[in-house]
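The values are calculated or read from the model by the stated rules, or taken from the named source; none is laboratory data. Because the structure is predicted, anything quoted here is derived from the model rather than measured. Cβ sites come from the backbone with ideal geometry, for glycine too, and all protein chains shown count toward neighbours.
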């Protein structure tokens, strides 16, 4: 029976096999560029297996530990796209650790395997194991440059990540102790039958839920669990910073949405109470992220604080999904659509930064002065991404914010949307500061900044869809609505 279910984890198994193949091939070849080809091929093969499962019947496998549904498959595709694009963008960057390229690609793919398992996990034990599989690989990748900043970033990420994992595990233990189950749907059945009418009436559930949200809050970088972001983003290799900002964040939101809406989605009083908590955290998170980003001179730190603010916007969608007993399809799919547009936009921004910073050997915003003359196409691409992150036309960022904010208004969260709109206006200052120095300043050097064709390909695969989604979003909205059908509660 177990062998019959192997097809359900074919994407993860194929990616794992390619990671092992890369480690072995790395021992026998001198041309390390072949490793990048193998890594991209592994992501494409895994994506093929995901697409093969897309139109199948939603089911549970391996004794109800993982779910095979369009929600999980959507995020698996998103993670694989992010992984492939990061590998392409790393083409020139990996020269900084030429002897360890095989390990770099293998660890990146192993982290993707963990994230893919995480987004489909429906058992607390499986969730924790998948989370640790992805996290351990990322701890190593963050410190891969082996310099002072990278080592410090890796150590900070390891220590704080371990504390967050311990808190999460303790919360899961409390939930298990109360319900006697680790299966999310079994927990839901128990919670529905509880006589309490508020969380204060069930202190064990309250503490367990708070600790679980705290553990996942570290993963999505929400306040007050965001303190690791700026130092880790600055010290990590830029391709890994890009990966952390999109793939890890997307998986974090996927698992927290699945846990909250599956295990704690009913009764009505319960999901209303945790939704209010998420809404308050969203307001604080986006404000702290945007205000602190105003002060940054390093572009990676700036985008680190920006990612905290973006987590706040995403939490608006999560809160809207929890508020009220009737949630329409637009509210359910808003979170997924925002994550899709954010992934492409933020990856595009980081890929342009990889191409520029790798040539000028600086991440300081002032050193981007005059980049419109030294690298006009890279400056155009980075400008498009900054405009999209701000939420202006004609980009995906505008449609994503309208989509997620309108859903929140429909659920009575007008006050939260007002806070989000004000924060979007604040963010325009630091995003357009980068645009200003690129196009209105005089370059410090007349030398042109060139890029390799893999970097151009990765940049085009991000920036072109960002504009297409902004102009013709229909097909992408339909994709998000199809994937969000899981949450028809």
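Selection within the range 39-62: residues that are out of contact with any strand residue (DSSP E or B) (no Cβ under 8 Å at 6 or more places or on another chain) and not in a helix (DSSP H, G or I). The member of this set that is nearest to residue 123 (Cα to Cα) is 62. Please verify whether the range 440-451 includes one or more residues that are buried (at least 16 other Cβ atoms within 10 Å of the Cβ), in a helix (DSSP H, G or I) and modelled with pLDDT of 85 or more. No, the range 440-451 contains no residue that is buried (at least 16 other Cβ atoms within 10 Å of the Cβ), in a helix (DSSP H, G or I) and modelled with pLDDT of 85 or more. For residue 192, the conditions (1) in contact with a strand residue (DSSP E or B) (Cβ under 6 Å, 6 or more places away or on another chain); (2) surrounded by fewer than 16 Cβ atoms within 10 Å (Cβ to Cβ) all hold with the exception of (1).
Residues that are closer than 26 Å to residue 142 by Cα, out of contact with any strand residue (DSSP E or B) (no Cβ under 6 Å at 6 or more places or on another chain) and not in a helix (DSSP H, G or I) are absent from the range 67-82 altogether. Report yes if some residue within the range 136-155 is in a helix (DSSP H, G or I), in contact with a helix residue (DSSP H, G or I) (Cβ under 9 Å, 6 or more places away or on another chain) and farther than 22 Å from residue 300 by Cα; otherwise report no. Among the residues of the range 136-155, at least one is in a helix (DSSP H, G or I), in contact with a helix residue (DSSP H, G or I) (Cβ under 9 Å, 6 or more places away or on another chain) and farther than 22 Å from residue 300 by Cα, which makes the answer yes. When restricted to residues that are under 11 Å from residue 408 (Cβ atoms) and either at pLDDT 85 or above or out of contact with any helix residue (DSSP H, G or I) (no Cβ under 8 Å at 6 or more places or on another chain) (or both), the range 295-333 contains 7.
Might you check whether a residue that is surrounded by fewer than 19 Cβ atoms within 10 Å (Cβ to Cβ) and assigned to a helix (DSSP H, G or I) occurs anywhere in the range 307-329? Yes, the range 307-329 contains at least one residue that is surrounded by fewer than 19 Cβ atoms within 10 Å (Cβ to Cβ) and assigned to a helix (DSSP H, G or I). If the condition is being buried (at least 24 other Cβ atoms within 10 Å of the Cβ) and out of contact with any helix residue (DSSP H, G or I) (no Cβ under 6 Å at 6 or more places or on another chain), then the range 105-126 contributes only 108.
Checked against the criterion of being under 19 Å from the mean Cα position of the chain (by Cα), within 30 Å of residue 93 (Cα to Cα) and part of a helix (DSSP H, G or I), the range 163-170 contains not a single residue that satisfies it. The helices (runs of 4 or more DSSP H) found wholly in the range 353-431 and carrying at least 3 residues that are in contact (Cβ under 8 Å) with a residue 40 or more places away in the chain and within 21 Å of the chain's Cα centre (by Cα) occupy 376-390, 396-410. Taken over the range 21-33, the criterion of being exposed (fewer than 14 other Cβ atoms within 10 Å of the Cβ) and in a helix (DSSP H, G or I) is satisfied by 24, 33.
Residue by residue, here is whether (1) touching a helix residue (DSSP H, G or I) at 6+ places or on another chain (Cβ under 7 Å); (2) surrounded by fewer than 21 Cβ atoms within 10 Å (Cβ to Cβ) holds:
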{"site": "377", "(1), (2)": "no, yes"}
{"site": "384", "(1), (2)": "yes, no"}
{"site": "389", "(1), (2)": "yes, no"}
{"site": "394", "(1), (2)": "yes, yes"}
{"site": "402", "(1), (2)": "no, yes"}
{"site": "405", "(1), (2)": "yes, no"}
{"site": "427", "(1), (2)": "yes, no"}
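All of (1) over 19 Å from the mean Cα position of the chain (by Cα); (2) assigned to a helix (DSSP H, G or I); (3) without any contact (Cβ under 8 Å) to a residue 40 or more places away in the chain hold for residue 36 with one exception: (3).
Exactly one residue among 86, 50 is closer than 30 Å to residue 332 by Cβ and without any contact (Cβ under 8 Å) to a residue 60 or more places away in the chain, and that residue is 50.
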